1. Residue under question is LEU154, and the condition is that it be out of contact with any His (no Cβ under 8 Å at 6 or more places or on another chain) and surrounded by 12 or more Cβ atoms within 10 Å (Cβ to Cβ); does it hold?
2. Just to be sure I understand the filter: pairs with C-beta atoms under 9 Å, separated by 6 or more residues or on different chains, first member in region 129-154 and under 19 Å from GLU54 (Cβ atoms), second member crowded, with 17+ Cβ neighbours inside 10 Å and among the acidic types (Asp, Glu). Which pairs pass?
3. Across region 123-164, what is the total count of residues that are closer than 19 Å to ILE18 by Cα and part of a loop (DSSP other than H, G, I, E, B)?
4. Considering region 188-208 alone, what residues qualify as being surrounded by fewer than 20 Cβ atoms within 10 Å (Cβ to Cβ), modelled with pLDDT under 90 and touching a helix residue (DSSP H, G or I) at 6+ places or on another chain (Cβ under 8 Å)?
5. Identify the single condition in (1) under 26 Å from LEU155 (Cβ atoms); (2) without any contact (Cβ under 8 Å) to a residue 60 or more places away in the chain; (3) not acidic (Asp, Glu) that ILE18 does not satisfy, given that it satisfies every other one.
6. Looking for whichever is modelled with pLDDT of 90 or more and either closer than 17 Å to ALA132 by Cβ or in a loop (DSSP other than H, G, I, E, B) (or both) here; the options are SER72, SER82, SER14. Which one fits?
7. Name the one entry in LYS46, LYS53 that is in contact with a helix residue (DSSP H, G or I) (Cβ under 6 Å, 6 or more places away or on another chain), of a type outside the set (A, V, I, L, M, F, W, C), touching a residue at least 40 places away in the same chain (Cβ under 8 Å) and at negative phi.
8. May I ask you to list the residues in region 93-135 that are surrounded by 13 or more Cβ atoms within 10 Å (Cβ to Cβ), within 27 Å of ASN229 (Cα to Cα) and either under 17 Å from the mean Cα position of the chain (by Cα) or of a type in the set (Val, Ile, Thr) (or both)?
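The values are calculated or read from the model by the stated rules, or taken from the named source; none is laboratory data. Please read all numbers here as calculations on a predicted model, not as lab measurements. Using ideal geometry, Cβ is built from the backbone for each residue, glycine included, and neighbour counts are taken over all protein chains shown.
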Amino acid sequence: MICKLCESEKELKSSHVIPRFLYRYMLNVTDGYMTQYHSHLNLWQKSNRQLKKELFCFECEQLLSKNELAFSEIFKQINKSSDSEKAVFSYAVLDDSAINELEQKGYDQKSIDALLKSNPIYDKIHILEYFAISYIYRELLNNSYKIPESEKRLLQNYLLNGSTCSFMLHVRLHNSQPSFNLVSTATVFDALDDWKHYTFYVPNMQFHVALRVGGTPEDMSKTIVMPSNFFDDDLGSIEMIRNTQSGSRKSANLNQT
């Protein structure tokens, strides 16, 4: 069979569409039966079923799993932290103007470096970026979204060999009670000709990837991580998810809770 990532003809492994560590987390914070949405049946139900498909060969599955393991450590640290502690995870790449502003306030380069390195996710942004693209790619395969072959190649080449795939990533961390324990599929925003937007949720985190399909100028490729109260914010992506589930039904085991 043909691997959906390297496109070699190899034996395919049964792969989790949603990373296994996320299932483990959600089963731990529920009664062992997560509330899940079955898109083909348009049905909400409580289940401990983990969706698997034969997507990748052993080598490609290992490649993706290596990053997911690294991301799971960041994920655990974020979800174990208190609301106020999540603020220290804020991170933005400092461009020349931001560095100049800090220098004007009296910071020297040594102080700026120390400030950056004090952040728990310093030098780990590439892990968040790779995870975001791999999560989206798995979801595109699962739901068979019709995207242009050129866009698919951008994602494939980035995951396989780190080829240029310029995008902007915005990660928001929920820093308010109660916890926002939601895992969602990747929702596609395709309203603009030159930009493709993807957004998805994992517990207490929202990922928003903006991929410029025509090629993003280098100075526009940026990742920002910031704390946010999901319950107070106006999140259009939640409304998009609701719209895709219009007319959905609830199973008997969900109505009983």
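1. Numbers: out of contact with any His (no Cβ under 8 Å at 6 or more places or on another chain): yes; surrounded by 12 or more Cβ atoms within 10 Å (Cβ to Cβ): yes.
Yes: the conditions hold for LEU154.
2. Between residues of region 129-154 that are under 19 Å from GLU54 (Cβ atoms) and residues that are crowded, with 17+ Cβ neighbours inside 10 Å and among the acidic types (Asp, Glu), the close pairs are SER134/GLU68; TYR135/GLU68; TYR145/GLU139.
3. Residues that pass the stated criteria total 2.
4. Hit for region 188-208 is PHE189, nothing else.
5. Condition not satisfied by ILE18: (2).
6. On the way: SER82 fails: modelled with pLDDT of 90 or more; SER14 fails: either closer than 17 Å to ALA132 by Cβ or in a loop (DSSP other than H, G, I, E, B) (or both).
Result of the check over SER72, SER82, SER14: SER72.
7. On the way: LYS53 fails: in contact with a helix residue (DSSP H, G or I) (Cβ under 6 Å, 6 or more places away or on another chain).
Unique residue meeting the criteria: LYS46.
8. ILE121, LYS124, ILE125, ILE127, LEU128, GLU129, TYR130, PHE131, ALA132, ILE133, SER134, TYR135
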